[in-house]
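The values are calculated or read from the model by the stated rules, or taken from the named source; none is laboratory data. In this text, all values refer to a predicted model and were calculated from it rather than measured experimentally. Here the Cβ is made from the backbone with ideal geometry for all residues, glycine too, and neighbour counts use every protein chain on show. Heavy atoms of the whole protein, side chains included, go into the accessibility calculation; ligands, DNA and RNA do not. Shrake-Rupley method; radii C 1.70, N 1.55, O 1.52, S 1.80 Å.
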Amino acid sequence: LLLVDDTTQEALSEIMAANNERIAIISAEGGIFDVMAGQYSHGAGNIDLYLKAHDLESHSSSRIVRGDTNLKAPAITFGLAVQTQVLNVIGQNKQFRGRGLLARFLYAVPQPRAGYREYQNRGISVEMEQRYAQSLYRLLELPEHQCEYWPSDESKNVWVDFYKDTENLLRPGQDLEQLKDWGSKLASEVARIAGILHMAVHGHDVVEISGETMTAACVIGGFFAEHALAAFGIMHQNP
């Protein structure tokens with residue numbers, strides 16, 4: 001589902017209740033943060049659902065006309081491509097950082113390439129385009145049910161090493177000292193990424209995550225750690 005940016009949290013709950021408690025908020029703008037801050041609620045920001053949907057925590061909401069909506073395990077996927085000015089603005093909202101909303105996002109802050117882009121005179125090969133399309137169709141055809149994946153012994157050892165390294169970075173004087181809220185979630189985010197990579201390749205056919213897949217997830221986690229420093233710096237949240 002593509003959610004319009006001006007939907008209130010109560011309306012969002014109703015939409016999710018009608019769609020297996022799942023939704024994706026995908027936008028090239030950051031208007032959803034205005035909604036979270038209370039743009040359509042007379043300035044009364046309410047981010048409970050967004051916080052709970054990160055960990056499938058149950059949520060209830062009430063509307064005078066339509067009654068209560070109860071979600072048992074809501075999940076929201078965000079895919080936002082915003083300008084740095086948006087990061088600047090949300091960094092000023094004390095509720096967003098104080099309640100852990102900003103710690104629930106994975107950030108990517110690419111270097112601007114304007115002026116250094118080479119002219120591309122050929123497109124993607126037909127073979128690669130077909131492989132990409134086949135991968136998407138294969139994912140879309142997966143049955144709609146939750147599937148638990150388990151790490152192999154090698155995979156678990158790789159993840160534990162990543163966990164220990166990340167924990168060390170939260171210590172005084174280390175890179176993530178000022179980002180304890182975000183950094184404390186990084187190892188669990190890497191486990192989720194490993195699950196996504198595993199599903200993209202194996203679907204529901206294989207339940208054991210390999211060491212190779214977990215290593216790839218850890219590399220991606222390292223990327224996000226570097227970019228979180230940049231993003232929180234833009235938000236003036238990281239001295």
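Of the residues that make up segment 171-183, is at least one closer than 23 Å to E21 by Cβ, surrounded by 13 or more Cβ atoms within 10 Å (Cβ to Cβ) and in contact with a helix residue (DSSP H, G or I) (Cβ under 6 Å, 6 or more places away or on another chain)? It would help to see each step written out before you state the result.
Filtering segment 171-183 down to residues closer than 23 Å to E21 by Cβ leaves none.
The answer is no; no qualifying residue exists.
Which of the residues spanning segment 111-129 are open to solvent by 100 Å² or more (accessible area, probe 1.4 Å) and either under 21 Å from the mean Cα position of the chain (by Cα) or among the hydroxyl-bearing types (S, T, Y) (or both)?
Correct list: Q111, Y116, Y119.
Which of the residues belonging to segment 33-50 are open to solvent by less than 20 Å² (accessible area, probe 1.4 Å), modelled with pLDDT of 80 or more and either among the aliphatic types (A, V, I, L, M) or more than 19 Å from the chain's Cα centre (by Cα) (or both)? Lay out the reasoning, then the answer.
Of segment 33-50, the ones open to solvent by less than 20 Å² (accessible area, probe 1.4 Å) are 33, 35-36, 38, 47, 49-50.
Filter again for modelled with pLDDT of 80 or more, leaving 33, 35-36, 47, 49-50.
Matches in segment 33-50: V35, M36, I47, L49.
Return the only residue of Y132, Y163, Y137 being surrounded by 15 or more Cβ atoms within 10 Å (Cβ to Cβ) and over 28 Å from I90 (Cα atoms). Even if it seems obvious, please write down each step before you answer.
Values: Y132 fails: surrounded by 15 or more Cβ atoms within 10 Å (Cβ to Cβ); Y137 fails: surrounded by 15 or more Cβ atoms within 10 Å (Cβ to Cβ).
Within the list Y132, Y163, Y137, the selection yields Y163.
Of all residues in segment 72-109, how many are within 14 Å of A231 (Cα to Cα), open to solvent by 100 Å² or more (accessible area, probe 1.4 Å) and in a loop (DSSP other than H, G, I, E, B)?
The total comes to 2.
Scanning segment 198-219 for residues that are open to solvent by less than 60 Å² (accessible area, probe 1.4 Å) and of a type in the set (A, V, I, L, M), which turns out farthest from V109 (Cα to Cα)?
Of segment 198-219, the ones open to solvent by less than 60 Å² (accessible area, probe 1.4 Å) are 198, 200, 203-204, 206, 209-211, 213-214, 216-218.
Filter again for of a type in the set (A, V, I, L, M), leaving 200, 206, 209, 214, 216-217.
On the way: A200: 25, V206: 34, I209: 29, M214: 24, A216: 20, A217: 19 Å.
Checked segment 198-219; the qualifying residue farthest from V109 (Cα to Cα) is V206.
Is it fair to say D5 is at pLDDT below 90, over 16 Å from the mean Cα position of the chain (by Cα) and part of a loop (DSSP other than H, G, I, E, B)?
Details: at pLDDT below 90: yes; over 16 Å from the mean Cα position of the chain (by Cα): yes; part of a loop (DSSP other than H, G, I, E, B): yes.
Answer is yes for this residue.
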